[in-house]
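J.: Got a structure here, written out as structure tokens. Questions coming.
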Amino acid sequence: MNRSAPTRHDEAWRYSDISAVEAAWPLAAPESIIVPAGGNFARTILQDTGSIHQLDIAVGKGATTAIHVLNIGGDYGRVELNVTLHEGADFKLGAVQIGGGTQNLEIITTVTHAEPKATSSQIVRSVLAGTATGTYLGKVAVARDAQLTDSVQSVKAMLLDRSATANAKPELEIYADDVKCAHGCAIGELDAMGLFYLQARGIAPADAKKLMLQAFVAGVFEGAADEDILIEAALKKLGELV
Amino acid sequence: MLQITNLHANVGDKPILKGLTLSLNAGEIHAIMGPNGAGKSTLGYVLSGRPGYEVTEGSVTFNGNDLLALEPHERAAAGLFLGFQYPVEIPGVSNVQFLREALNAQRKNRSEAPLSGAEFLKVAREQAGALGMDMDMLKRPVNVGFSGGEKKRNEMVQMGIINPALAILDETDSGLDIDALRTVGDGINRIMRKPDKAVLLITHYQRLLDYVKPDFVHVLADGRITRTGGAELALELERDGYKELAA
């Protein structure tokens, strides 16, 4: 397929670093993963070099898939997941992106509940400093027959500087009528009173911020095989920003 | 220990403290009482360095050093502890982690060796036990899901662990039932009633002073101390109200 590079008119690339995308174009075909019925699949994606990751994942009947993402490196980093859930399948995403300077980081997910009784849970946390941009575009599509879908999406971003940007677009497209789809989205700053409380107990400002940010991203990597590595890399990156 | 001289402070553009002078010596417990809006909490925040509380005139020295030149965490390391009227909830950060980090940050600032996990837990267990707080609560996130009384009790546990030279306790008695009030009062006496320590109790009511007997009682009204007396002044205030005495 000889498609030309995307532009800002393409919704999925609207906030991207277009010149970086053009430089990387044409991209290799997305990695295709098929999780057979009843199977279990897990993957950790640590994006720390400035690259584009694209995964197409089909989760078979009654199968489970857990993806953990830490998106922290390079000028432009993108992780794109296209997940299709078959009957009774389960998909879990725990993703953190932490950016400073002029970094542009994004996570794009499309989770399609193609058949009934599938469950999905997505947690995305972004911490942004300097003039960094962090984007999460998350679409959940529920097909007409996919009754008893249960989908949860929790999206939060923390801005450490007023000059940083967080884009968040949770999106639901539901054609079935007996489903549970919860989603929440919040963008904020560190609680000033909380910071003062920590400082009043003797913790230096940078350490107080780090402690609160650690709490903000804590739990996202729970259950990941590489949990310790991810947490260590996240803390190191946070330490560079505060 | 603490010398406040002609202290003026603004919150935003609004003057709140208007020439407050107060002196605390080691071994003394002082109570500051006064009506709503007199500037009691502002005094606590100014002394502990909360951003947005601007000193416009006057001075504060703590053990001979300029307190106002220090950052909040440096004031804590120097031995000052503020017990918050509304202790802050910090989701995701456990009490144990928070307090160990706080204590060791203060120790580092004073060039003392950090406490190991085991050493810290021993101190924490002692203090929590003395204040009737379950160790399980100390493992939970800071103040999250705590009742008003539990938060105040947690402030006292923190004070016991940190073991400061000077405690400013901002309405530590509010939100406490009778039993908790006694526990907290006993805690203040046990931790702070020592020849080398001092306490500034900020309160609306006389009842905490039944448990923690002050050496001095001051009335704070409209940003300055309008009257000073002994413990009996608190009883007088309770009987006659502030209006009569603050005038």
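Taken together, the values in this text are just the output of simple stated rules run on the coordinates, not laboratory data. Note that the structure is a prediction, hence the values are computed from the model and not measured. Cβ coordinates were reconstructed from backbone atoms using ideal geometry, including for glycine residues, and neighbour counts include every protein chain displayed.
J.: Name the residue from B:Met133, B:Leu200, B:Val123 whose Cα lies farthest towards the positive end of the charge dipole of segment B:2-246, charges +1 on Cβ of Lys and Arg and -1 on Cβ of Asp and Glu.
T.: B:Val123
J.: Now, a different point. Between B:Thr21 and B:Tyr205, what is the label-to-label distance in nm when each label sits 7 Å out along the Cα-to-Cβ direction?
T.: With each label point 7 Å from Cα toward Cβ, the separation is 3.4 nm.
J.: Run the Debye formula on the Cα coordinates of segment B:1-125, all scatterers equal and no solvent, and tell me log10 I(q)/I(0) at q = 0.18 1/Å.
T.: Result of the Debye calculation: -1.08.
J.: Taking the Cβ-Cβ separation of B:Arg125 and B:Gln97 as r and a Förster radius of 22 Å, what is the calculated FRET efficiency to the nearest 0.05? Please report the intermediate quantities before stating the final value.
T.: Details: r = 15 Å, r/R0 = 0.70.
Computed FRET efficiency for B:Arg125 and B:Gln97: 0.90.
J.: Restrict the search to segment B:87-195; then list the trypsin sites (Lys or Arg not before Pro) that DSSP places in a loop and that have at most 16 other Cβ atoms within 10 Å of their Cβ.
T.: Working: sites: B:Arg100, B:Arg107, B:Lys108, B:Arg110, B:Lys122, B:Arg125, B:Lys139, B:Lys151, B:Lys152, B:Arg153, B:Arg182, B:Arg190, B:Arg193; in loops: B:Arg110, B:Arg193.
Here the trypsin sites (Lys or Arg not before Pro) that fit, given the DSSP loop and packing criteria, are B:Arg110, B:Arg193.
J.: Contour minus end-to-end for A:Asp228 and A:Thr131, with contour as 0.36 nm per residue of separation and end-to-end as the Cα-Cα distance? Provide the component values of the computation, followed by the final result.
T.: Numbers: separation 97, 0.36 × 97 = 34.92 nm, distance 2.88 nm.
Extending this stretch completely gives an extra 32.0 nm.
J.: If you keep only loop residues by DSSP, which trypsin sites (Lys or Arg not before Pro) in segment A:123-210 have at most 11 other Cβ atoms within 10 Å of their Cβ?
T.: Values: sites: A:Arg125, A:Lys139, A:Arg144, A:Lys156, A:Arg162, A:Lys180, A:Arg201, A:Lys209, A:Lys210; in loops: A:Arg144, A:Arg162, A:Arg201.
Filter output for segment A:123-210: A:Arg144, A:Arg162.
J.: Let me ask you something else. If I build a Gaussian network model for chain B, linking alpha-carbon pairs within less than 10 angstrom, which residue out of B:Asp222, B:Asp170, B:Asp210 has the largest mean-square fluctuation?
T.: B:Asp210
J.: Charges at C-beta only: +1 for Lys and Arg, -1 for Asp and Glu. How large is the resulting dipole of the protein assembly as shown about its Cα centre, in Debye rounded to 20?
T.: Details: 47 positive and 60 negative charges, 155 e Å.
Magnitude of the dipole: close to 740 debye.
J.: Another question about this same structure. Of A:Pro205, A:Pro116, A:Pro30, which has the largest mean-square fluctuation in a 10 Å C-alpha GNM of chain A?
T.: Comparing A:Pro205, A:Pro116, A:Pro30 in the GNM, the peak value goes to A:Pro205.
J.: Antiparallel DSSP bridges in the protein assembly as shown: what percent, to the nearest 5? Numbers along the way, then the final one.
T.: Numbers: 25 of 131 bridges.
Roughly 20 percent of the DSSP beta bridges within the protein assembly as shown come out antiparallel.
J.: To continue, here is another question. Mind telling me which of A:Ala224, A:Ala206, A:Ala66 comes out most flexible in a GNM of chain A, alpha-carbon contacts under 10 Å?
T.: Evaluated over chain A, the most mobile residue of the options is A:Ala206.
J.: Tally Lys/Arg at +1 and Asp/Glu at -1 over every other residue whose Cβ is under 15 Å from the Cβ of B:Thr5; what's the total? Please list the in-between numbers first.
T.: Details: positive: B:Lys18, B:Arg224; negative: B:Glu57, B:Asp66.
That sum, taken over residues with Cβ under 15 Å, equals 0.
J.: OK, next. At a Förster radius of 22 Å, what calculated FRET efficiency corresponds to the Cβ-Cβ distance of B:Ser111 and B:Asp66, to the nearest 0.05?
T.: 0.60
J.: Let me ask something additional. For B:Leu82, which sequence-distant residues (separation of 5 or more, or a different chain) have an amide H within less than 5 Å of its own amide H, given hydrogens modelled in the peptide plane?
T.: Correct list: B:Ile168.
J.: In chain B, which helices (entire DSSP H runs) extend 15 Å or more along their own long axis, judged by Cα positions, while averaging at least -0.5 on the Kyte-Doolittle scale? It would help to have the intermediate numbers written out before the result.
T.: On the way: long enough: B:95-109 (21 Å, -1.05); B:117-130 (20 Å, -0.12); B:148-162 (21 Å, -0.70); B:178-192 (21 Å, 0.28); B:232-246 (17 Å, -0.59).
Span-like helices in chain B: B:117-130, B:178-192.
J.: Further question: Rank A:Gly50, A:Gly94, A:Gly73 by how far each Cα sits towards the positive end of the charge dipole of segment A:1-124 (+1 on Lys, Arg Cβ; -1 on Asp, Glu Cβ) and give me just the farthest.
T.: A:Gly94
J.: With each label point set 7 Å from Cα along the Cα-Cβ vector, what nm distance links B:Thr228 and A:Asp150?
T.: Rounded to a tenth, the inter-label distance reads 6.6 nm.
J.: Now for a separate question. Taking square-rooted eigenvalues a ≥ b ≥ c of the alpha carbon gyration tensor, is segment A:11-190 rounded, prolate or oblate, where a/c under 1.5 means rounded and, failing that, a/b exceeding b/c means prolate? Could the numbers behind the result be given before it?
T.: Working: a/c = 2.15, a/b = 1.55, b/c = 1.38.
Here segment A:11-190 falls in the prolate category.
J.: May I ask for the distance between the Cα centers of segment A:71-121 and segment A:154-222, given as a whole number of Å?
T.: 17
J.: Compute the FRET efficiency between B:Lys14 and B:Glu57 as 1/(1 + (r/R0)^6), taking r as their Cβ-Cβ distance and R0 = 22 Å, and round to the nearest 0.05.
T.: Details: r = 15 Å, r/R0 = 0.67.
The value I calculate is 0.90.
J.: Put a dot 7 Å past each Cα toward the Cβ at A:Ile34 and A:Tyr175; how far apart are the dots in nm?
T.: With each label point 7 Å from Cα toward Cβ, the separation is 2.3 nm.
J.: Okay, moving on. Using only the Cα atoms of the protein assembly as shown, what semi-axes does the equivalent ellipsoid have when each is the square root of 5 times a gyration tensor eigenvalue? Give whole Å, largest first. All intermediate terms of the calculation are to be shown ahead of the outcome.
T.: Working: eigenvalues 582, 109, 83 Å².
Semi-axes (√(5λ), whole Å): 54, 23, 20.
J.: Okay, moving on. Count the net charge of all other residues whose Cβ sits under 15 Å from the Cβ of B:Met135, scoring Lys and Arg as +1 and Asp and Glu as -1. Working shown, then result.
T.: On the way: positive: B:Arg100, B:Lys122, B:Arg125, B:Lys139, B:Arg140, B:Arg153; negative: B:Glu126, B:Asp134, B:Asp136, B:Glu150.
For residues surrounding B:Met135, the net value is +2.
J.: Continuing with the same structure: Give me the net charge for the shell around A:Ala234: Cβ to Cβ below 15 angstrom, other residues only, Lys and Arg +1, Asp and Glu -1.
T.: On the way: positive: A:Arg125, A:Lys156, A:Lys209, A:Lys210, A:Lys236, A:Lys237; negative: A:Asp48, A:Glu222, A:Asp226, A:Glu227, A:Asp228, A:Glu232, A:Glu240.
Here the count lands on -1.
J.: Another question, then. I need the shape label for segment B:111-197. Rule: rounded when a/c is under 1.5, else prolate if a/b > b/c, else oblate, with a, b, c from the alpha carbon gyration tensor. Spell out each step's value before the answer.
T.: Values: a/c = 1.90, a/b = 1.17, b/c = 1.62.
Oblate, because a/c is 1.5 or more while a/b does not exceed b/c.
J.: Lysine pairs, Cα distance under 20 Å, 8 or more residues apart or cross-chain: how many in chain A?
T.: Lysine pairs meeting the criterion: 22.
J.: Let me spell out the model: positive unit charges on the Cβ of Lys and Arg, negative unit charges on the Cβ of Asp and Glu, origin at the Cα centre of segment B:97-247. What dipole size does that give, in debye rounded to 20? Present the calculation step by step, with values, prior to reporting the outcome.
T.: Values: 22 positive and 23 negative charges, 124 e Å.
Here segment B:97-247 has a charge dipole of around 600 debye.
J.: For A:Trp25 and A:Ala5, calculate 0.36 nm times their separation in residues minus their Cα-Cα distance, and state this gained length in nm to one decimal.
T.: Working: separation 20, 0.36 × 20 = 7.20 nm, distance 0.61 nm.
Going from the current span to full extension adds 6.6 nm.
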